[in-house]
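K.L.:
Have a look at this one.
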Amino acid sequence: MAKEKQNRIQSKSDVGRIVFRIVLYIWALVIILPLFWMVYTSVKERGEFIADRFKLPTVIWLANYQTAIMDSAAESSLLRYFGNTFLIVAISTVLMLIMVSVTAYVLGKYRFAGKKLFEGFYFAAMLVPSVLVLIPLWFQLRQLGRELLGSNSAITDNILTVSLVYAVQALPAYIFLLVGFVRKIDNSFIEAALMDGAGEYRIFTSIILPQLRPMLVFISLGHIMNVWNEYTLARTFLESESNYTISVGIQSIQNAFTYSFDYGALFASLVLSLLPIMILYLLFQKQILSGTDASEGIKG
């Protein structure tokens, strides 16, 4: 009787596992098929696309990529958009890492009045959607630009400002995540360093940061992907086309190539905009997937 019951449970478990795999396969197809269509459309000649947009290309037309990068219809702006995005990603990531690591160290290893208040603030801020504070922040920065620099858009339409906003918006979630890992670092390391005469800067750079390196790599990759794909904040703040990021600038490219019916170049632009993130994910897939287990080697 017990064996029959066990077999029945095992059978249900097998059915559930099969159903779950089928759902995953369907979901994978839903994501992969549009990407595959976009890639092979990017190498189709204009006439082939107009004749049948879903048919596989008979000739690989790589000139679409040259057109996407250099054609005057796009004012050679794709490279400029890439440059702006790389700059924003680099600045915001560096600022985010500095602020997150220092704040997590203070909250994780120090005792001071108001510590619970700070922790509660970061937790509450993590629950507030960033889009809700976007418009008030935009008005405040425009007012600040008008008073300090005499221009409404001097601060808002600025790559450095957008980089700083991206970095600050990422703080609550990453601090909340990192504080737990800081607390797991054995205090005996810090005590030994203090006995040897090490200062706070030496302790932070020689003890805390090396043990947090796996988590810092993980949150850096997550932040890079978020900033690269972000559209709403960049579209709200950046008014000059010369400051557009790739997510915003791709709209201008779409308008230019759609007007000229050069859909191959349009899809080539889309492929190029996705390529850096896809390469980043392939190179650091292991770190991204195992990031939440990064503190396994840290013993309290």
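K.L.:
Under 8 Å between Cβ atoms, which residue pairs at least 6 apart in sequence (or on different chains) link something in segment 105-133 that is within 14 Å of Ile175 (Cβ to Cβ) with a partner that is open to solvent by 70 Å² or more (accessible area, probe 1.4 Å) and not hydrophobic (A, V, I, L, M, F, W, C)?
P.N.:
Gly108/Arg183; Lys109/Arg183; Lys109/Asn187
K.L.:
Something else now. Is it the case, given these coordinates, that Lys184 is open to solvent by 50 Å² or more (accessible area, probe 1.4 Å) and of a type in the set (D, E, K, R)?
P.N.:
Working: open to solvent by 50 Å² or more (accessible area, probe 1.4 Å): yes; of a type in the set (D, E, K, R): yes.
The answer is yes for Lys184.
K.L.:
Next up: Can you tell me which residue in segment 83-122 is nearest to the chain's Cα centre (by Cα), limited to those that are of a type in the set (Phe, Trp, Tyr), open to solvent by 40 Å² or more (accessible area, probe 1.4 Å) and within 22 Å of Val217 (Cα to Cα)?
P.N.:
Residues of segment 83-122 that are of a type in the set (Phe, Trp, Tyr), as a first pass: 86, 105, 110, 112, 118, 121-122.
Still in the running and open to solvent by 40 Å² or more (accessible area, probe 1.4 Å): 86, 110, 112, 118, 121-122.
Applying the additional criterion that residues be within 22 Å of Val217 (Cα to Cα) yields 86, 122.
Working: Phe86: 12, Tyr122: 20 Å.
Filtering segment 83-122 for residues that are of a type in the set (Phe, Trp, Tyr), open to solvent by 40 Å² or more (accessible area, probe 1.4 Å) and within 22 Å of Val217 (Cα to Cα), the one nearest to the chain's Cα centre (by Cα) comes out as Phe86.
K.L.:
Could you tell me how many of the residues in segment 139-163 are surrounded by 16 or more Cβ atoms within 10 Å (Cβ to Cβ) and assigned to a helix (DSSP H, G or I)?
P.N.:
Of the residues in segment 139-163, 11 are surrounded by 16 or more Cβ atoms within 10 Å (Cβ to Cβ) and assigned to a helix (DSSP H, G or I).
K.L.:
For segment 236-269: of the residues being part of a loop (DSSP other than H, G, I, E, B) and closer than 15 Å to Gly83 by Cα, which is farthest from the chain's Cα centre (by Cα)? So that I can check it myself, show each step before the final result.
P.N.:
Step one: filter segment 236-269 for residues part of a loop (DSSP other than H, G, I, E, B), giving 238-240, 244-245, 260-262.
From what's left, closer than 15 Å to Gly83 by Cα: 238, 240, 244-245.
Numbers: Leu238: 18, Ser240: 23, Tyr244: 17, Thr245: 13 Å.
Only one residue fits best here, namely Ser240.
K.L.:
Please name all residue pairs, on different chains or six or more residues apart, with Cβ atoms under 6 Å, provided the first residue is in segment 27-52 and is closer than 16 Å to Leu272 by Cβ and modelled with pLDDT of 90 or more and the second residue is open to solvent by 80 Å² or more (accessible area, probe 1.4 Å) and not in a loop (DSSP other than H, G, I, E, B).
P.N.:
Nothing qualifies.
K.L.:
Looking only at segment 21-55, count every residue that is open to solvent by less than 100 Å² (accessible area, probe 1.4 Å), farther than 14 Å from Asp262 by Cβ and aromatic (Phe, Trp, Tyr) and tell me the total.
P.N.:
Count: 2.
K.L.:
Still on this structure, please answer the following. Check Thr232, Thr205, Thr236 and return the single one that is surrounded by fewer than 19 Cβ atoms within 10 Å (Cβ to Cβ) and either in contact with a Cys (Cβ under 6 Å, 6 or more places away or on another chain) or more than 30 Å from Leu144 (Cα to Cα) (or both). Steps first, answer last, please.
P.N.:
Values: Thr232 fails: either in contact with a Cys (Cβ under 6 Å, 6 or more places away or on another chain) or more than 30 Å from Leu144 (Cα to Cα) (or both); Thr236 fails: either in contact with a Cys (Cβ under 6 Å, 6 or more places away or on another chain) or more than 30 Å from Leu144 (Cα to Cα) (or both).
Only one candidate passes the filter, namely Thr205.
K.L.:
Considering segment 193-202 alone, what residues qualify as being open to solvent by less than 50 Å² (accessible area, probe 1.4 Å) and in a helix (DSSP H, G or I)?
P.N.:
Ala193
The values are calculated or read from the model by the stated rules, or taken from the named source; none is laboratory data. Being a predicted model, the structure only gives us computed values, none of them experimental. Note that we place each Cβ from the backbone using ideal geometry, even for glycine, and neighbour counts take in every protein chain shown. To get the accessible areas, we keep the full protein, side chains included, count just its heavy atoms, and leave off ligands, DNA and RNA. Shrake-Rupley method; radii C 1.70, N 1.55, O 1.52, S 1.80 Å.
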